[in-house]
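Here's the structure, in structure tokens; my notes come after.
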Amino acid sequence: MTLKVAVLPGDGIGPEVMEEALKVLDRVSAKFNVEFEYREALIGGSAIDAKGNAFPDETKEVCDWADAILFGAVGGPKWESLPPEKQPERAALLPIRKRYELFANLRPAIVFPALIESSPLKSEVLGDKGFDILVVRELTGGIYFGQPKGIFEENGQKKGVDTLVYYDWEIRRIAKVAFDAAMKRDKRLASIDKANVLTSMVLWRQVVEEVAKDYPEVELRHLYVDNASMQLIRDPHQFDVILAGNMFGDILSDEAAMLTGSIGMLPSASLGESKGLYEPVHGSAPDIAGKGIANPCAMILSVAMMLKYSFNLKDAAEAVESAVSQVLDEGLRTADLYRGKKGERKVTTKEMGDAIAERI
Ligand code: IPM
Ligand code: MG
């Protein structure tokens, strides 16, 4: 059987880190005797330049065909002066999530043992074991997509409107994903809302409570988002799985990512009923693009998530994860991770990718 993968490198450092990810995937293919067929397509700014559209029809066809989508990063200063609705984020990222109803966004925030010192948290707070949090973010609803949305005229004044709306079924399906994930982990779930102010979040809390009845083993807490953002910094160990709506999940996942100290290490998966999209948490980093210094680990770990969630190849996924861990233990560091400490060796994007591929 051939597994079909859409490859969308995108902009900035996207193409560089994607090259290393495919190198690793080729290695997985040889070692685990599975065959991948890749089709590459343009997305984001590079698609605007070539086709006048951030998410062209050819790219949609490639994604329709694929079982899984590998996504690099989109955006950059070159396209920032375009009208908002034409910019890569709005015109590529949000539509691709919606087209495949990729409602479940999994964002692990893990401190690798070798990188514990990169965390901005004091060692008294962090302890010597780091932390391992999974943010489960709702990705196709809430205030990002609710209608009405727009800038409207009213009595000669302009008003900007976004609508925060959640249907019970949207909350239920994302809550199930989070509870299922918790069952495979430490069985602790923190559901984030703002039920003291927002009515949609009153429903959020009710539905999460209903879903919880099917998961008696999972310890559930509800936290207001403001308190949650504070608790994350005060003591990240209190969290195992964090469940949040689209906007709160956006914000808290960046906070959790920063606490690991190395955003260049964090992958993500966006899952729906039919296919998954896998992308690094970092952006296109135009300032370092083309220099060969970007950290390919997040893209490579996104490949590991694809192997696990889209293709159920758990051994292969673990092999990729432990290869990454191993090269870090050996002291290999891309520029973003390099601290000049004893035992560290500064490497390029390509050297990092080669080393990881070799250890699979
Ligand atoms: C993310 C990003 C996007 C989001 C932006 C670029 C539209 O911040 O994936 O977290 O807000 O979802
Ligand atoms: Mg974000």
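A few notes on this one:
- The Rg/Rh ratio of the stretch 120-259, with Rg taken over Cα atoms and Rh as the Kirkwood radius over Cα pairs, comes to 1.04.
- Peptides 278-286, 7-15, 246-254 ranked from most to least packed, by the mean per-residue count of other Cβ atoms within 10 Å: 7-15, 278-286, 246-254.
- For the chain, the 222 nm mean residue ellipticity estimated from helices alone, with every DSSP H stretch of n ≥ 4 adding -39500 (n - 2.57) and the total spread over all residues, rounds to -12000 deg cm²/dmol.
- Taking the protein heavy atoms of the chain in the context of the full set of protein chains, the accessible area attributed to carbon and sulfur is 51 percent at 1.4 Å.
- When the C-alpha to C-alpha distance is required to be over 20 Å, the pairs from Lys60/Lys275; Lys129/Lys346; Lys31/Lys308 that qualify are Lys129/Lys346.
- log₁₀ of I(q)/I(0) at q = 0.17, 0.20 Å⁻¹ - the stretch 1-113, Debye sum with one point per alpha carbon: -0.88, -1.12
- In the stretch 172-239, the chymotrypsin sites (Phe, Trp or Tyr not before Pro) that fall in loop regions by DSSP, at most 16 other Cβ within 10 Å: none
- Stokes-Einstein, applied to the Kirkwood radius of the chain over Cα pairs at a viscosity of 0.890 mPa s and 25 °C, places its translational diffusion at 116 µm² s⁻¹.
- Extension gain, Leu198 to Lys122, is 23.9 nm, computed as 0.36 nm per intervening residue step minus the present C-alpha separation.
- Dimensionless Rg ratio for the stretch 224-314, taking C-alpha atoms and the 2.2 N^0.38 Å reference: 1.22
- Hydrodynamic radius of the stretch 114-157 by the Kirkwood approach over all distinct alpha-carbon pairs: 15.3 Å.
- Projected label points at Glu217 and Ser322, each 7 Å from Cα along the beta carbon direction, are separated by 2.4 nanometres.
The values are calculated or read from the model by the stated rules, or taken from the named source; none is laboratory data. Because the structure is predicted, anything quoted here is derived from the model rather than measured. Cβ coordinates were reconstructed from backbone atoms using ideal geometry, including for glycine residues, and neighbour counts include every protein chain displayed. Accessible surface is based on the protein model in full, side chains and every heavy atom, while ligands, DNA and RNA are left aside. Shrake-Rupley method; radii C 1.70, N 1.55, O 1.52, S 1.80 Å.
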